[in-house]
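Input: a single structure, listed below in structure tokens.
The values are calculated or read from the model by the stated rules, or taken from the named source; none is laboratory data. None of these values were measured; they are calculated from a predicted model. Cβ sites come from the backbone with ideal geometry, for glycine too, and all protein chains shown count toward neighbours. Calculation scope for accessible area: heavy atoms of the full protein, side chains included, ligands and nucleic acids excluded. Shrake-Rupley method; radii C 1.70, N 1.55, O 1.52, S 1.80 Å.
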Amino acid sequence: MNARTIRTLAAALSLTAALAISGCSSSGSDSGSDSGSGAGAKSSDAPEAAKPTMTVSGAFMPEPVNDKMAGAFMVIKNDSKTADKLVSVTSPLSDDLQIHETKDQKMQQVQSMDVPANGELKLTRGGNHIMFMGLKNQPKVGDKITIELRFEKADPVKVELDVKERTHNAQNSTAH
Ligand code: CU
């Protein structure tokens, strides 16, 4: 109504504001303040730099036709919240292992392949795969071939490939 009332109102408002601010910054034991908290609360549970851990299943190599090349197939599972990449593969069987993708029914080498957070990288016949270029010997059905997968973040993983018949496909062994 007049200037004095307005000043009083303004003082009351700024006092409220000051209380609100101090209420906010005094840490959490106040019950009943429900405004603006929660932004930072959730992320503190999990350490930021958590290393992904990879689980590999269904790894196999179809018996190679000759000693020039062979493929390897498997599912690489990442149960962590951190996305990672498969960057290289080594094996005593060959000095040149490549990561291949298949596009328009032609395969081509890529430098790395994504293993999404809480996801998996599927290496399947007709799709993405690991390729041995040049074999030191020619494995037969029943043999086991050791390879080591290297990732950008996760520790290396040693995998045993079961050498299977040439027509083997992963779908045969998993009922779904
Ligand atoms: Cu290939």
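In terms of accessible area, using a 1.4 Å probe and ignoring ligands and nucleic acids, Glu152, Glu63 rank largest first as Glu152, Glu63. Pairs over the 23 Å Cα-Cα cut-off, from the set Lys106/Lys153; Lys136/Lys158; Lys106/Lys144; Lys122/Lys164: Lys106/Lys153; Lys106/Lys144. Each principal axis of the Cα atoms in region 58-152 has its own extent, and those three values, largest first, are 40, 29, 21 angstrom. Sorting 117-123, 98-104 by average packing, meaning the other beta carbons within 10 Å per residue, from highest down gives 117-123, 98-104.
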